[in-house]
Amino acid sequence: MTNEASSSSRLEPVAVTLTAIVGAVLLFAMFCAWVGASPAGVFASIYKAGFGSWYSWQNSLLRAAPLMLCGLATALPAQAGIITVGNEGAFVVGGLAAATAGLATLAAPAWLCLVLMGLAGGFAGGAWIALAAGLQQYRGVNAVISSLLLNYIGIALLLQLVEGPMHDPGSFNFPATYPLPPRDQLGNISGTRVHYGLVFGVIACLLVWFLLERTVWGMKVKIVGGNARTAKLVGLPLGQIVLTASFLGGACAGLAGMVEVAAIHGRASHAISAGYGYVGILVAFLARQSPLRIVVVSLVLGAVLASGGILQRDHELPDATITVFEGIAFLAILASEALYGRFSFVLGPRPKPLEREMADAKP
């Protein structure tokens, strides 16, 4: 592979992603103009709400923390060739399991209670995503469909338990579990309103990057995701690698659910299903499944999520306007897949597949 072709292969995903983002921004601007709002004013308000002050930055960081972890729930299995969208289900069952573990260990030291909550949430979320991956790997059930349906099952399970066996009578018309004592809740970073879930998210992204880029296991994951047939021929355990990657990705979403319970609500309720899992799918696709880019994309989308209130006040737009933007961005990313191979006049020729290079090298 020549240096020119290698450079083209690295730049093409960037060019395609930027094209999709620009297209999404233009479409959203057209939507704003159609409903009677100034597109420039709307984008200015989004920037102000997300980055206009230190208070705004904290709002963005609060929302970025779960997005990082939920983004990994799609990105890590995708590296192994499995596309799952069960982030919201893993997030919810992770939060439910964490609340259960916290209430079961009230007599334990605070640090032990938090550790057990994290382990319970991570295991529940990991098992949720691994279930969808296992159904595809061993039974041929499409993981996108099964993981999507598991989202609804997870939310239904949460509602059933908080309105039934785990219901706190003191919550009245707001069904929820019994609250966790303040000592067992996750605190804020000193001098800020941002909880330690942000630290968990950044560390998780760095650890996943290290696993994928600097370990033998990461190389195996990429081989399986790149060409499962080749991986099978060289003797790699496909099922084990796929399930492990999916479990670790789901564990990140489950940990995000634990953070939502331990740092925001202090108990499990229907309110923990705030849609972070669904936005995490968009984060993963915008970041092109890169753990490091997930950190940046999560911050940007966190700022977008934080702007719902100011759009209502300043432009009389419904809060669902942000959801419209997310949908447009996701459709643009999916449509941009058709652009691969169409930037050769700018970036140069695409690299040849390995098989063709070997054939060309023969006398």
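The values are calculated or read from the model by the stated rules, or taken from the named source; none is laboratory data. Fair warning: this is a prediction, and the values are worked out from it, not measured in the lab. Positions of Cβ are generated from backbone atoms using ideal geometry, with glycine treated the same way; all protein chains shown enter the neighbour counts. To get the accessible areas, we keep the full protein, side chains included, count just its heavy atoms, and leave off ligands, DNA and RNA. Shrake-Rupley method; radii C 1.70, N 1.55, O 1.52, S 1.80 Å.
Using a 1.4 angstrom probe, figure out how much accessible area the stretch 113-187 has per residue, in square angstrom, rounded to the nearest whole. The partial results should precede the final answer.
On the way: 3930 Å² over 75 residues.
Per residue, the stretch 113-187 has an accessible area of 52 Å².
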Fill in the blank from the handout: Put M30, M166, M117 in order of accessible area, largest first, probe 1.4 Å, and you get M30, M166, M117
Handout entry: Kyte-Doolittle at least 0.0, axis length at least 30 Å by Cα - qualifying DSSP helices, the chain
Key = 3-34, 54-79, 110-139, 238-259
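Kindly give the semi-axes, whole Å and largest first, of the ellipsoid equivalent to the stretch 100-139, taking each as the square root of 5 times a Cα gyration tensor eigenvalue.
For the stretch 100-139, the ellipsoid semi-axes come out as 30, 8, 5 Å.
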Exercise for the section: Would you rank K222, K232 by solvent-accessible area, highest first, keeping every protein chain in place and using a 1.4 Å probe? Expected result: K232, K222
Problem - Computed over the stretch 33-110: relative contact order in percent, which uses C-alpha pairs under 8 Å that are six or more apart - result: 12
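What's the carbon and sulfur percent of the stretch 1-107's accessible surface, probe 1.4 angstrom, rounded to a whole number? Numbers along the way, then the final one.
Details: 2980 of 4270 Å².
Carbon and sulfur: 70 percent of the exposed surface of the stretch 1-107.
So for the stretch 148-256, averaging the separation of alpha carbon pairs under 8 Å that are six or more residues apart and normalising by length, what relative contact order in percent results?
On the way: 53 pairs, mean separation 12.0, N = 109.
Answer for the stretch 148-256 is 11 percent.
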Fill in the blank from the handout: Taking the stretch 88-182, the equivalent ellipsoid from its C-alpha gyration tensor has semi-axes in Å, biggest first, of 28, 17, 7
Handout entry: Heavy atoms of I294: accessible area, 1.4 Å probe, square angstrom to 10
Key = 0
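Okay, helix-only estimate at 222 nm for the chain: each DSSP H run of n ≥ 4 adds -39500 (n - 2.57), divide by all residues, round to 500 deg cm²/dmol; what do you get? Intermediate results must be reported in sequence, preceding the final value.
Values: 16 runs with 257 residues, N = 363.
Rounded to the nearest 500, the figure is -23500 deg cm²/dmol.
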Fill in the blank from the handout: Result: in the chain the number of Lys pairs with C-alpha under 24 Å apart, spaced 8 or more or on different chains, is 6
Completion exercise
Two pseudo-spin positions, 7 Å from Cα along C-beta at V199 and at A29, lie apart in nanometres by 4.2
Fill in the blank from the handout: For S60 the rounded accessible area (nearest 10 Å², probe 1.4 Å, non-protein molecules ignored) is 0
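Please report the equivalent ellipsoid semi-axes of the stretch 272-319, computed as sqrt(5 x eigenvalue) of the Cα gyration tensor, largest first, in whole Å. Before the final figure, lay out each step's value.
Details: eigenvalues 118, 29, 12 Å².
Output for the stretch 272-319: semi-axes of 24, 12, 8 Å.
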Fill in the blank from the handout: Expressed in µm² per second, the diffusion coefficient of the stretch 116-171 from the Stokes-Einstein equation, with Rh the Kirkwood radius over alpha carbon pairs, at 4 °C and 1.567 mPa s, is 101
Fill in the blank from the handout: Mean separation of Cα contacts under 8 Å (at least 6 apart) over the residue count of the stretch 70-162, i.e. the relative contact order in percent, is 38
Practice task
Provide the convex hull volume over Cα atoms per residue for the stretch 126-262, in Å³.
Solution key: 146
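With Rg and the Kirkwood Rh both taken from Cα atoms, where does Rg over Rh land for the chain? The partial results should precede the final answer.
On the way: Rg = 21.8 Å, Rh = 21.7 Å.
Value, to two decimals: 1.01.
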Problem - Candidate residues F172, F285, F91: accessible-area rank, largest first, probe 1.4 Å - result: F172, F285, F91
